[in-house]
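I have placed the structure first, in the form of structure tokens, so that the comments after it can refer back to it.
Every number in this text was worked out from the coordinates using simple rules, so none of it is lab data. The model shown is predicted, which means the values in this text are computed figures rather than measured ones. Here the Cβ positions follow ideal geometry from the backbone for every residue, glycine too, while neighbour counts run over all protein chains shown.
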């Protein structure tokens, strides 16, 4: 009997308990799932979220993996008691949601929709936007989410330049690569993990590399952007608009200048939501792999931090 | 020497003259292109737009085809002097622009962007939208434009039901088919040609078939919609929003209720613009075909009206 401990907290248990039971049964696993801690030494798998009260993993001596319900693991990865294999959530439904948000907001800015959505002067200005093939996009971060978004944008003819921190086929990388990627991008999408190296990646110097009027879309991690630098570049009009889904503090505080800035759209961390049914299937698959001695999916590389 | 007469008017000549000369040369055609009428009996091909002063085609006794720069031919097709083969414009760039508008506004409504773009109360409501796979779309009109839009939406996982007036593989058709298509659609896109049969197709009875809160996107022809019926359904909230790119009178008159209706977005006939360079290549290809005795592309079937 495989012992699975749901340590992600009471609120998430209400949402995930049922889907997880279903997914474990569908995977043919003989597993016991509990949301209260059994004998720690007997726990085979821990299902986890950063908000969990569980912070000391030392007693879980027999645990084969800690399976995060979240894609971002920056709040977990530095926990020195967590020595067990750690897996991130890569939920196909989360990827779909992210692709929809990124393609939708890219097209919104590309087509200049806002001037039609908000048009109190009833202005009939039938200047056509260029075609997508003439709108260069830079995708910063080419992991599972960034690659899926780049593919969907390319299918609509957007020329997408991918950039990742480490070398990847078909992508720019490194500091020089980032300079090249930003130099011509009219729309920049950031889907980088939060690591010490990516914090404030979009600072004043990097924002200055973009052509005037460029648009920033950030559905990834709030800390990638130097907020003061972005506000400065928005104030001068060097950056034409920023549509931001993630912030250093969430919910975004009511007095934050992003709320009232005319060149900023705040979306409330909705770009990519983990969906219980499909996330539960990913968790069950990793438990099946662990029991079969196969390598885990989406295992975190602690030297990279994600 | 093939004689080509550009009869689409002086303003379009400025835009199309150069690209047409280039395209004719690239097609290897030994053609003379003029924007003033030579001997009508000597004209081999007429390049045409509905706004042209040329309305009597009788003198053009040797003309092999009238090639429209416009996709819509409803203002031409009833001209009884026009007995020559008539071809519509099907411009790949026009199709691309249409796909961008349709996918963009579908995603805008699907994601509920407007409540984030206009959010004076700074409300942080992180309710996630459903995934595209749970948002049924009806595509009314499955010609070149409708099919391209349906394909692009399906690539993003939207379940798209296609409807066309006449039977087509994989599409619903006829009156019963329309009822079925409207019954579950949360977003309806109309890309039908304007014919006597499609005028006011979306009337009060048909709008009532849609589920409450459905969204209408009309980038096709203004006359497809019964404007009073739509305004009535918007007033009750039965229709949640209408984003309209085409109107019975354009520019949309300043006193038209669409301008100030909170559930209407007006875009100024920008969904699909013919692009001179790619349209010129389509015209040149049809002239090449005519000279080679091959069938014309996009020839209008006068019994159907498009």
**Complete:** In degrees, nearest 10, the alpha-carbon axis of helix A:174-184 is tilted away from the dominant principal axis of the alpha carbons of chain A by 40
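Can you figure out the FRET efficiency of residue A:122 with residue B:155, using R₀ = 51 Å and their beta-carbon distance, to the nearest 0.05?
Values: r = 35 Å, r/R0 = 0.69.
Once the sixth-power term is evaluated, E becomes 0.90.
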**Request:** Would you mind calculating the relative contact order of chain B from Cα pairs under 8 angstrom and at least 6 residues apart, reporting the percent as a whole number?
**Result:** 19
**Request:** Counting only DSSP beta bridges with both residues in the protein assembly as shown, tell me the antiparallel percent, nearest 5.
**Result:** 5
**Item:** Geometric extent, Cα atoms of chain A - Rg, Dmax (angstrom)
**Value:** 21.3, 70
**Message:** I need the per residue convex hull volume for the protein assembly as shown, using only the alpha carbons, in cubic angstrom as a whole number.
**Reply:** 185
**Request:** Stick to Cα atoms and the Kirkwood definition of Rh, then tell me Rg/Rh for segment B:93-266.
**Result:** 0.95
**Request:** Using only the alpha-carbon atoms of segment A:3-158, report the extent along each of the three principal axes, biggest first, to the nearest angstrom.
**Result:** 69, 30, 28
**Request:** State, to one decimal in nm and shortest first, how far the label point of residue B:167 sits from each corresponding label point in the other identical copies (label point: 7 angstrom along Cα-to-Cβ).
**Result:** 5.9
**Prompt:** Pairing the Cα long axis of helix A:276-292 with the longest principal axis of chain A, what angle in degrees results, from 0 to 90 and rounded to the nearest 10?
**Reply:** 50
**Asked** How much of the DSSP beta bridge set in chain B is antiparallel, as a percent to the nearest 5?
**Response** 5
**Request:** Go from 0 up to the bin containing the longest alpha carbon distance in segment B:83-160, width 10 Å each, and give me the % of pairs per bin.
**Result:** 16, 38, 25, 14, 5, 2, 0
**Asked** Taking the label point 7 Å from Cα in the Cβ direction, how far apart in nm is residue B:53 from each other copy of itself, listed shortest first?
**Response** 8.7
**Cα-projected label distance for residue A:297 with residue A:285, points at 7 Å along beta-carbon direction, nm** = 0.2
**Message:** If I fit a long axis through the Cα atoms of helix B:144-155 and take the longest principal axis of the Cα atoms of chain B, what angle between them do I get, 0 to 90°, rounded to 10?
**Reply:** 40
**Asked** Highest GNM mean-square fluctuation, chain B, Cα pairs closer than 10 Å: which of B:197, B:100, B:285?
**Response** B:197
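Take the Cβ-Cβ distance between residue A:14 and residue B:254 as r, set R0 to 30 Å, and report the resulting FRET efficiency rounded to the nearest 0.05. Walk me through the intermediate numbers first.
On the way: r = 53 Å, r/R0 = 1.77.
So the FRET efficiency works out to roughly 0.05.
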